[in-house]
Amino acid sequence: ISIMRLKLPPPLWWFLSVLLMWALKKIPIAQRQMPASLMPALALAVVGFFIVLAGIWAFYRARTTVNPHHPERASCIVQTGVFRYSRTPMYLGMLILLMALSLWFGSIQVWFGPLFFGYCLTKWQIIPEEEVLLEKFGESYRAYCRTVRRWF
């Protein structure tokens, strides 16, 4: 079974992305301001939060591990609920939360935060997870990957 390439938990990647966004907002270069949009940001944050919760709930109902650093402990491929639309709904929800924060900050350059998060999580978390799940569940996981997109 493949070993995870990097052992940073996804919430830490999320937090690092928030720090990056905050730092980028403080840099006076490229201060292309957008109007800070509190209400759309709040609406997007609610959506992101509920997508994360729906993913956790689907794992709980399937009685499989939520721990992203031990995909080998997965007891099944969850394909119900939000997993019908995304193979990574919890990560998608976290990404949407970062997008909400970008709207709230109102600066163009902070949008690098969600891009950073998506890239790092895909490369160092999602792809290694998928390798383990493919090895563990074989063709049934491959078929799921053909019918459901990674992010959305």
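The values are calculated or read from the model by the stated rules, or taken from the named source; none is laboratory data. The structure displayed is predicted, hence computed values, not measured ones. Because the Cβ atoms are built from the backbone with ideal geometry, glycine has one as well, and the counts that use them run over all protein chains shown. The accessibility values were calculated without ligands, DNA or RNA, using every heavy atom of the protein model including side chains. Shrake-Rupley method; radii C 1.70, N 1.55, O 1.52, S 1.80 Å.
Things worth noting here:
- Residue within region 129-141 that is surrounded by 15 or more Cβ atoms within 10 Å (Cβ to Cβ), at pLDDT below 95 and either in contact with a Lys or Arg (Cβ under 7 Å, 6 or more places away or on another chain) or among the β-branched types (V, I, T) (or both) present: yes
- Within region 57-73, the set of residues being open to solvent by 70 Å² or more (accessible area, probe 1.4 Å), in a loop (DSSP other than H, G, I, E, B) and touching a helix residue (DSSP H, G or I) at 6+ places or on another chain (Cβ under 9 Å) is empty.
- Extreme residue, surrounded by the fewest Cβ atoms within 10 Å (Cβ to Cβ), among residues of region 79-99 that are more than 20 Å from R142 (Cβ to Cβ) and without any contact (Cβ under 8 Å) to a residue 60 or more places away in the chain: G81
- Which numbered condition C76 misses (of (1) open to solvent by 40 Å² or more (accessible area, probe 1.4 Å); (2) modelled with pLDDT of 95 or more; (3) not hydroxyl-bearing (S, T, Y); (4) not in a loop (DSSP other than H, G, I, E, B)): (4)
- Some residue of region 105-120 being surrounded by fewer than 18 Cβ atoms within 10 Å (Cβ to Cβ), at pLDDT 95 or above and of a type in the set (S, T, Y): yes
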